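The values are calculated or read from the model by the stated rules, or taken from the named source; none is laboratory data. Nothing here was measured: the structure is a model prediction, and the numbers come from that model. Please note: Cβ atoms are built from the backbone with ideal geometry, for glycine as well, and neighbour counts cover all protein chains shown. Note: accessible area is taken over every heavy atom of the protein model, side chains too, but ligands, DNA and RNA are not part of it. Shrake-Rupley method; radii C 1.70, N 1.55, O 1.52, S 1.80 Å.
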Amino acid sequence: MTLPKQEDEPTKSVVKNELILAKPNLKGDWLNLFLLFMLYLMQTIPIGLVTTISILLQSKQNVTYKEQAFFGLVMWPFSLKLLWAPLVDSFYVQKFGRRKSWLIPIQILLGACFFYMADSIDDLLPETGKPNILKLTCIVILCNFLAATQDIAVDGWALNLLQKNNVGYASTCSSVGQGMGLMLCSVSLILFTSEDFGNKYLRIMSSTGGIMTMKSVFMVWGISYMAITALIAIFKNEKDYLIENNETKLTIFQNYTVLWDIIKLPSMKILVIALLTSMIGFAPSEKLVNLKLIDVGFPKENLMIIQTGMYIIKMIVSVISAKYTAGQKPMSVYLNITPIKLFWNITFLIFIIFATNLTKNNGVVDIPIYYYAILVVIELINDIQYYIMITALVAFYCRISDDRLGGTYMAFLNTLSNIGSLSSKLISYALIDLLSVKECSFDSKNNCSTSHLQNVCKLNGGDCMTIVNGYYVESILCTIVGTIWYIIFKNKLKQMQCMSPSHWQVKVNIQEPENYENSYALKVKT
């Protein structure tokens, strides 16, 4: 049912649009920026488990790419969070705070999950023997479900916590916080638990084991989550922005209805397709490089040292690029970098081709120091591009999202990105085996496509030889697909960022019948 507009609605809309389009000014928002940074950091530790555990599994050399693909399911909560985002937006304890009602219990549960992992890590990821892939996947899925729910609340709070002209800086807080979280996760879980790394860089006298055990790492995380969450619960008050802006709370059903209205927005249909397919072209350079380098023979500790340096670069780049990504045209920044990023697939391909031909001494690959130098340069340029693109994309989300439906709106846009990223990862893992052609050195009928066939070949004194490397084929195919994506969507996305924020808003008209004061009639502004 369509109701007459309130007399003051046009004025509110114009004022809001002018504030969003005004130049950023961080005066008065520094403490809020730090809070957002901490919340995004805490959110990213469970996400970091996906990459670090994947590398730990690959380094054991008894896990197949199919098992890696199964473990990759742990990121699905971030791709499905849209299903419960309206619930997070509409159900809360008003006196405690719309976002704190979810943040506090979720972060306590995350701390409890880390305590459980500290107690069970020897069973989940033993030093010797086969990892418990099923159980490991289940607990990490739970952690990421909680982190995805926290993400909904934090994204929604960011739209109200910062001044309207500063909402673009929420993406900077996200990038810097996530960079720090990923770095802490990889450093503590891989480097600090590595005996080789500890003896080389952290100890005066050599000793067995790392400077920390995995059990102690998870224990520290659990204690940290509990302590930080308690501080936020006690010292950070949350304003009731619905009352402050003279807006009324939507019911759960109305939030789901409004989500459907968001999907029906004219430009949103094109944006949905663009985001779902945007990561296909980057899959080889973002999803497979580290695993292929481990296959070649690069030690996981050395790769993590490089990766840790990249996280630091991410934080620096995110801060420096904020001037551009927090501006009025963040999507232009994203699109200007896209062609260069696609070309970088070929750069990684060439590097891995040469690395595959390195000599071996007693079964260990002899990696010259200049190979590491070249890898650092290639990774550095690649990650700078990627971090700027992601920061710009999230800044675009913040600028077009309606803060009245902040958690749902941001969850919807981020879900599209997550599904695009996750699907490209799963496809790239699956295709690498399908596109590869292998053959046992003594039996041409044995294609070494499974662990059993590989073991049969080795037991009979043979060796699985790669005739066609699926990574090479996939790199070329994905680069072609990414180029086609760029040609199709470039102009369309540039036009979208020039649209008024009101173009992306769902119109909410308030009705106050006698028996139910918080009733709504919803329609999409077209």
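In this model, which of Lys269/Lys494; Lys130/Lys300; Lys66/Lys130; Lys215/Lys292; Lys135/Lys438 are farther than 23 Å apart at the alpha-carbon? In this structure, Lys215/Lys292; Lys135/Lys438 lie more than 23 Å apart at Cα. Sorted largest first, the spans of the alpha carbon positions of segment 287-415 along the three principal axes are 63, 26, 22 Å.
Rounded to the nearest percent, how much of the accessible area of segment 159-306 (1.4 Å probe, protein heavy atoms only) is carbon and sulfur?
Numbers: 4090 of 6340 Å².
On segment 159-306, the fraction of accessible area on carbon and sulfur atoms equals 64 percent.
Per-residue 3J(HN,Hα) values for segment 196-204, derived from phi via the Karplus relation 6.51 cos²θ - 1.76 cosθ + 1.60 with θ = phi - 60°, read 4, 5, x, 6, 6, 10, 10, 10, 7 Hz in sequence order (x marks Gly and Pro). The order of Thr208, Thr359, Thr51 by accessible area, most exposed first and with a 1.4 Å probe, is Thr208, Thr359, Thr51. Take Val377: with every protein chain present and a 1.4 Å probe, its accessible area is about 80 Å².
Shape summary of segment 292-361, radius of gyration then Dmax from alpha carbon positions: 16.7, 56 Å. Per the Cα gyration tensor, segment 51-134 maps to an equivalent ellipsoid with semi-axes of 34, 17, 8 Å, ordered largest to smallest.
Order of 434-440, 121-127 by packing, highest average Cβ count within 10 Å first? Can you show the working numbers first?
Working: 434-440: 16.9, 121-127: 14.6.
Result, highest mean first: 434-440, 121-127.
Summed over qualifying helices (DSSP H, 4 residues or more, each -39500 (n - 2.57)) and divided by its residue number, the chain shows a 222 nm mean residue ellipticity of -22000 deg cm²/dmol.
Between Trp30 and Ile108, what FRET efficiency comes out of the Förster formula 1/(1 + (r/R0)^6) with R0 = 30 Å and r the beta carbon distance, rounded to 0.05? Walk me through the numbers on the way to the answer.
Numbers: r = 27 Å, r/R0 = 0.91.
It comes to 0.65.
What translational diffusion coefficient, to the nearest whole µm²/s, does the chain have by Stokes-Einstein, given a Kirkwood radius computed over alpha-carbon pairs, a temperature of 10 °C and 1.306 mPa s viscosity?
64 µm²/s
Checking every one of the chymotrypsin sites (Phe, Trp or Tyr not before Pro) in segment 375-451 against DSSP loop status and a limit of 16 other Cβ atoms within 10 Å picks out Phe442. Partnerless cysteines in the chain, where a partner means another cysteine C-beta under 4.7 angstrom, comprise Cys113, Cys138, Cys143, Cys173, Cys185, Cys398, Cys478, Cys498. Leaving ligands, DNA and RNA out of it, work out the accessible area of Ile280 with a 1.4 Å probe and give it in Å² to the nearest 10. Ile280 has an accessible surface of roughly 60 Å² with all protein chains in place. Centre-to-centre separation between the Cα atoms of segment 168-225 and those of segment 246-311: 24 Å.
Take the Cα of Ser423, step 7 Å toward its Cβ, do the same at Asp119, and the gap between the two points is 4.0 nm.
Multiply the residue gap between Thr359 and Gln328 by 0.36 nm, knock off their C-alpha separation, and tell me the result in nm, one decimal place. Before the final figure, lay out the partial values.
Working: separation 31, 0.36 × 31 = 11.16 nm, distance 5.17 nm.
Net length gain for the segment: 6.0 nm.
Rolled with a 1.4 Å probe across the full set of protein chains, the surface gives Leu33 an accessible area near 20 Å².
The fraction of accessible area contributed by carbon and sulfur in segment 346-459 is 63 percent, rounded to a whole number (1.4 Å probe; ligands and nucleic acids excluded).
Per residue, the chain exposes 45 Å² of accessible surface when a 1.4 Å probe is rolled over the protein heavy atoms with every protein chain present. Semi-axes of the equivalent ellipsoid for segment 391-507, computed as √(5λ) from the eigenvalues of its C-alpha gyration tensor and ordered from largest down, come to 48, 17, 8 Å. In order along segment 95-105, phi translates into HN-Hα couplings of 5, 7, x, 4, 8, 5, 4, 9, 4, 5, x Hz, rounded to whole numbers, per the Karplus curve 6.51 cos²θ - 1.76 cosθ + 1.60 with θ = phi - 60° and x for Gly and Pro. Give the angle, between 0 and 90 degrees and rounded to the nearest 10, that separates the Cα long axis of helix 252-263 from the longest principal axis of the Cα atoms of the chain. Approximately 70 degrees, to the nearest 10. Each Lys and Arg adds +1 at its Cβ and each Asp and Glu adds -1 at its Cβ; summed about the Cα centre, segment 327-448 shows a dipole of about 240 debye.
What the phi angles of segment 387-398 give under the Karplus curve with 6.51, -1.76 and 1.60, with θ = phi - 60°, is a coupling list of 5, 5, 4, 5, 4, 5, 5, 5, 4, 4, 4, 4 Hz, glycine and proline written as x.
Evaluate the distance, in nm, between pseudo-label points positioned 7 Å from the Cα of Asn491 and of Phe253 along their respective Cα→Cβ axes. According to this spin-label approximation, the distance is 4.5 nm.
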